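Coordinate-derived values only; no laboratory data. For clarity, every value in this text was computed on a predicted model and none was experimentally measured. Positions of Cβ are backbone-derived with ideal geometry, glycine not excepted, and every protein chain shown enters the neighbour counts.
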Amino acid sequence: MTEDRPAQSLFEAVAAGDADAVRAAVAAGDSPAVRDGDDWSPLDHAAGRGDAQIVRILLDAGADPAAEGREQRSAYRIALAAGHVDAARVLRAALEAADPATAAQHQWRPYCRAYPIGRLRAAPGWRDDAADLDDAAIVFVHDDLTVTRDMWRDEDVLYADVSAEWTSFCAEQLGFAVPDDFDLVPDQKSGVI
């Protein structure tokens with residue numbers, strides 16, 4: 001435990017999913033920073049249960065969304081691992097509000113996606129530096145929207161004219177987007193990613 005008071009009533013309220021009891025325990029002095037024998041905080045438990053309402057209550061009571069136990073996982077990572085997107089969204093918003101620089105940590109970079117070059121040649125303003133490639137040849141669009149012959153960014157660059165028009169084409173015609181953490185959470189009903 002990190003506090004003198006064991007906060008047993010707070011842990012019990014979180015485990016029961018009782019929002020009123022969580023508020024009462026915090027009002028009675030139970031600290032949301034306390035950790036149990038497994039080094040989990042009440043916020044970690046609420047995240048693991050996927051209880052977004054209790055997550056909000058604990059954050060409002062001063063729980064640190066960036067705190068990690070000995071497993072070096074924040075409540076956000078716990079919610080993601082358990083597939084609890086609603087709780088994870090609340091936690092991610094709290095993390096980003098506390099430190100806007102953390103937003104970039106939730107996207108998977110570097111990232112690239114393979115496409116037949118013929119699809120890219122349909123883009124307005126495309127200038128072809130790969131006349132030797134037929135339309136079925138595979139090329140790679142990277143998170144910075146450059147295009148290369150292979151999956152390594154900055155090597156064999158075919159296209160680097162990243163304009164608003166190109167950005168729009170990539171999003172609308174190719175469906176290109178850099179995945180973030182929520183894109184990688186398994187579907188809660190089917191278990192399929």
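Across the range 2-51, the relative contact order, built from alpha-carbon pairs under 8 Å that are at least six residues apart, equals 41 percent. Ranked by how many other Cβ atoms sit within 10 Å of their own Cβ, fewest first, the residues TRP126, TRP40 fall in the order TRP126, TRP40. Summarise the long-distance tail of P(r) for the chain by giving the % of C-alpha pairs beyond 28 Å. Tail fraction, whole percent: 45.
Positive end of the dipole of the range 36-188 (Cβ unit charges, origin at the Cα centre): among GLY83, TRP126, SER163, the Cα lying farthest that way belongs to GLY83. Could you work out the relative contact order of the chain? I mean the mean sequence separation of Cα pairs under 8 Å and 6+ apart, divided by the number of residues, in percent. About 14 percent, as a whole number.
For the chain, the Cβ-based charge dipole about the Cα centre amounts to some 340 debye (Lys, Arg positive; Asp, Glu negative; other atoms uncharged). Longest stretch of the chain clear of exposed loop sites (trypsin sites (Lys or Arg not before Pro), DSSP loop, at most 11 other Cβ atoms within 10 Å, sites excluded): 1-69.
Farthest toward the positive end of the dipole of the chain, out of PRO179, CYS112, ALA16, is the Cα of ALA16, where the dipole comes from beta carbon charges about the Cα centre. Taking a point 7 Å from the Cα of GLU68 along the Cα-to-Cβ direction, the residues of the range 165-185 with backbone N closer than 19 Å to it are 181-182.
The residues PHE182, PHE140, when put in order of fewest to most other Cβ atoms within 10 Å, stand as PHE182, PHE140.
Mean sequence separation of contacting Cα pairs (under 8 Å, at least six apart), scaled by the length of the range 112-172, corresponds to a relative contact order of 30 percent. With K and R counted +1 and D and E -1, the other residues having a Cβ less than 13 Å from that of ASP129 yield a net charge of -1.
Once the range 17-82 is represented by equal point scatterers at the alpha-carbon sites, with solvent omitted, what log10 I(q)/I(0) does the Debye formula produce at q = 0.22, 0.27 Å⁻¹? Each listed q maps to, in turn, -0.86, -1.26.
Note on ASP183/ALA27: beta-carbon distance plugged into 1/(1 + (r/R0)^6) with R0 of 30 Å gives a FRET efficiency of 0.20. Out of the GluC sites (Glu not before Pro) in the range 66-115, which ones are loop residues according to DSSP with at most 14 other C-beta atoms within 10 Å? Answer by residue number: GLU71. Note on VAL178, VAL22, VAL157, VAL139: ascending count of other Cβ atoms within 10 Å places them as VAL157, VAL178, VAL139, VAL22, the fewest first.
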